[in-house]
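Before we start, here is the structure in question, set down as structure tokens.
The values are calculated or read from the model by the stated rules, or taken from the named source; none is laboratory data. These numbers come from a predicted model, not from an experiment. Note: ideal-geometry Cβ built from the backbone for every residue, glycine included; neighbour counts use all protein chains shown.
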Amino acid sequence: MADLHTVNKSPFEKSSLETAIKCSLAGSSILLIEDGVYGATKGTVAEDMVKGAMGDRKVYALKSDLMARAIKDDRIIDGIEIVDYAGFVDLVEATDKVQAWL
């Protein structure tokens, strides 16, 4: 089973998302939470990096954190799956290990 990587920092202030992508293996999942959800937005410098990772990894964003930052669904990079807290729990249960990138 693959790992789940959580990223809670904005890609515009920290390199946590980039590091998570570089260190995650094919088949892993990346969940963007808190300010990490800014990495899910279209038209940013992080978009190409996230799209590249989506070739062999699943990328998710936590709905409540998107809503708290007024990021609407139409601004989310195509292919990123939006999950609620129950979906977050499901992701944790479906993986062998969770790696938090701070």
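Examine the range 23-39 for a residue that is of a type in the set (A, V, I, L, M), surrounded by 19 or more Cβ atoms within 10 Å (Cβ to Cβ) and touching a Pro at 6+ places or on another chain (Cβ under 7 Å), and state whether such a residue exists.
No, there is no match, as no residue in the range 23-39 is of a type in the set (A, V, I, L, M), surrounded by 19 or more Cβ atoms within 10 Å (Cβ to Cβ) and touching a Pro at 6+ places or on another chain (Cβ under 7 Å).
Only residues that are under 14 Å from the mean Cα position of the chain (by Cα) and either at pLDDT below 95 or not in a helix (DSSP H, G or I) (or both): list them for the range 56-70, please. Even if it seems obvious, please write down each step before you answer.
Within the range 56-70, the first condition is being under 14 Å from the mean Cα position of the chain (by Cα), and the residues that meet it are 56-66.
Passing the criteria: ASP56, ARG57, LYS58, VAL59, TYR60, ALA61, LEU62.
Filter the range 29-48 down to residues that are over 11 Å from the mean Cα position of the chain (by Cα) and under 19 Å from ALA100 (Cβ atoms), then give me how many there are.
Residues of the range 29-48 that are over 11 Å from the mean Cα position of the chain (by Cα), as a first pass: 42-48.
Retained after the next criterion (residues that are under 19 Å from ALA100 (Cβ atoms)): 46.
Residues flagged as over 11 Å from the mean Cα position of the chain (by Cα) and under 19 Å from ALA100 (Cβ atoms) within the range 29-48 amount to 1.
Please work out which residue is surrounded by the fewest Cβ atoms within 10 Å (Cβ to Cβ), limiting yourself to the range 60-79 and to residues that are within 24 Å of GLU93 (Cα to Cα) and out of contact with any Lys or Arg (no Cβ under 9 Å at 6 or more places or on another chain).
Here is the first cut: in the range 60-79, the ones within 24 Å of GLU93 (Cα to Cα) are 60-66, 79.
From what is left, the residues that are out of contact with any Lys or Arg (no Cβ under 9 Å at 6 or more places or on another chain) are 60-65.
On the way: TYR60: 21, ALA61: 24, LEU62: 23, LYS63: 17, SER64: 14, ASP65: 18.
This residue is SER64.
I'm told THR95 meets every condition in (1) part of a helix (DSSP H, G or I); (2) in contact with a strand residue (DSSP E or B) (Cβ under 7 Å, 6 or more places away or on another chain); (3) β-branched (Val, Ile, Thr); (4) surrounded by fewer than 19 Cβ atoms within 10 Å (Cβ to Cβ) except one. Can you identify the failing condition by its number?
Among (1) part of a helix (DSSP H, G or I); (2) in contact with a strand residue (DSSP E or B) (Cβ under 7 Å, 6 or more places away or on another chain); (3) β-branched (Val, Ile, Thr); (4) surrounded by fewer than 19 Cβ atoms within 10 Å (Cβ to Cβ), the lone unmet condition for THR95 is (1).
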